[in-house]
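Heads up: the structure comes next, in structure tokens.
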Amino acid sequence: MAYDYHIVLGASSVLLGLLGYAIYFRSIFYGKTKPHVLTWSTYFLIDTIVFLAQVLKGAGPGAWGTLTGAVGGLFVSIIALRRGERYITKLDWTSFIGALFAIVLWQATSNPFVAVVIATIINVFAIFPTLRKSYDNPFEESISIWLLDLIRYGISIIALVAVNWTTVLFPIGLVATNAILVSTILIRRHILARNADNI
């Protein structure tokens with residue numbers, strides 16, 4: 001049955017998401033990771049709305065990964081209020097306000113594609129505070145959640161029943177921004193470790 005592989009891939013993206021969040025929560029509670037509340041609260045909002053848009057456009061199991069992200073984002077946001085990054089810059093707030101403004105624009109449109117384009121732009125605003133924090137303190141951010149998210153959103157693209165710009169653009173954007181974040185963390189860790197060895 002042609003539909004079966006969509007279900008298998010959709011379920012795989014959910015399992016990868018759950019694994020990623022389990023590792024991330026463990027890292028937070030052990031004090032190794034400090035999530036940025038502005039990034040995660042924005043993620044919760046946009047993942048929720050994108051999931052609804054994907055469902056309306058027939059994404060099928062390809063939307064399950066987005067739902068997992070919405071639920072996980074909610075819990076990380078709540079935990080970040082107590083255990084997250086305390087240093088929030090003006091630029092972080094600017095990114096957050098930009099994301100909220102884009103959400104308002106999103107709600108003003110009745111076109112699902114335009115909504116997803118805006119959501120993809122919001123994702124860039126949303127990840128910036130974590131990108132900035134990870135550049136400054138790369139050892140305070142876990143790679144696992146972002147790497148697994150990159151993989152699961154890649155899988156969710158293949159799991160899409162209806163492949164169109166409305167269903168595929170947002171996960172493509174997430175794969176790209178997660179790849180940038182993971183690369184930044186790895187490069188900065190390498191540079192800081194090398195500088196420490198040279199002291």
Between the helical axis of 165-198 and the dominant principal axis of the chain, each derived from Cα atoms, what acute angle in degrees is found, rounded to the nearest 10? 10
Kindly report the accessible area of the chain per residue (heavy atoms of protein chains, probe 1.4 Å, no ligands, DNA or RNA), in Å². 49
Would you rank Tyr24, Tyr5 by solvent-accessible area, highest first, keeping every protein chain in place and using a 1.4 Å probe? Tyr5, Tyr24
To the nearest 10 degrees, how steep is helix 4-29 against the longest Cα principal axis of the chain, on a 0 to 90 scale? 20
Rounded to the nearest 0.05, what FRET efficiency do Leu15 and Asn195 give with R0 = 45 Å and r taken as the Cβ-Cβ distance? Could you check? 0.70
Order of exposure, largest accessible area first, which applies to Trp40, Trp64, Trp165 with probe 1.4 Å: Trp165, Trp64, Trp40
Find the centroid of the Cα atoms in region 133-153 and in region 162-199, then give the distance between the two in whole Å. 7
Compute, for Thr48, the solvent-accessible surface of its heavy atoms (probe 1.4 Å) with the complete set of protein chains present, and express it in square angstrom to the nearest 10. 50
Give me the accessible area of His190, 1.4 Å probe, in Å² rounded to the nearest 10. 110
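How much of the accessible area of the chain, in percent, comes from carbon and sulfur atoms when a 1.4 Å probe is used? Please list the in-between numbers first.
On the way: 7070 of 9720 Å².
Reported share for carbon and sulfur atoms: 73 percent.
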For Ile78 and Asn111, FRET efficiency with R0 = 30 Å and r from the beta-carbon atoms, rounded to 0.05? 0.40
Just the accessible area for Lys34, please: 1.4 Å probe, Å², rounded to the nearest 10? 80
Applied in sequence order to region 151-164, the curve 6.51 cos²θ - 1.76 cosθ + 1.60 (Karplus, θ = phi - 60°) yields integer Hz couplings, x standing for Gly and Pro, of 5, 5, 6, x, 5, 5, 5, 5, 7, 4, 7, 9, 9, 8
Work out the FRET efficiency for Trp165 and Ala22 from their Cβ-Cβ distance, taking R0 = 45 Å, and round it to the nearest 0.05. 0.90
Over the chain, the sum of -39500 (n - 2.57) across DSSP H runs of at least four, divided by residue number and rounded to 500 deg cm²/dmol, gives at 222 nm -28000 deg cm²/dmol
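Rounded, prolate or oblate for region 38-157? Axes are the square roots of the Cα gyration tensor eigenvalues, ordered a ≥ b ≥ c, and the cut-off for rounded is a/c under 1.5.
Values: a/c = 2.10, a/b = 1.36, b/c = 1.54.
Oblate, because a/c is 1.5 or more while a/b does not exceed b/c.
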Whenever you get a sec, line up Arg188, Arg152, Arg83 from highest to lowest accessible area (probe 1.4 Å, protein heavy atoms). Arg83, Arg188, Arg152
Which whole-number percent is the relative contact order of the chain (Cα, under 8 Å, 6+ apart)? 32
Within straight-line cross-link reach of Lys133, lysines at Cα separation under 28 Å, skipping those fewer than 8 residues along the same chain: Lys32, Lys34, Lys90
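The values are calculated or read from the model by the stated rules, or taken from the named source; none is laboratory data. All of these numbers come straight from a predicted model, not from anything done at the bench. Quick reminder, even Gly has a Cβ in these numbers, built from the backbone with ideal geometry, and neighbours come from all protein chains shown. These area figures cover heavy atoms from the full protein model, side chains too; ligands, DNA and RNA do not enter into them. Shrake-Rupley method; radii C 1.70, N 1.55, O 1.52, S 1.80 Å.
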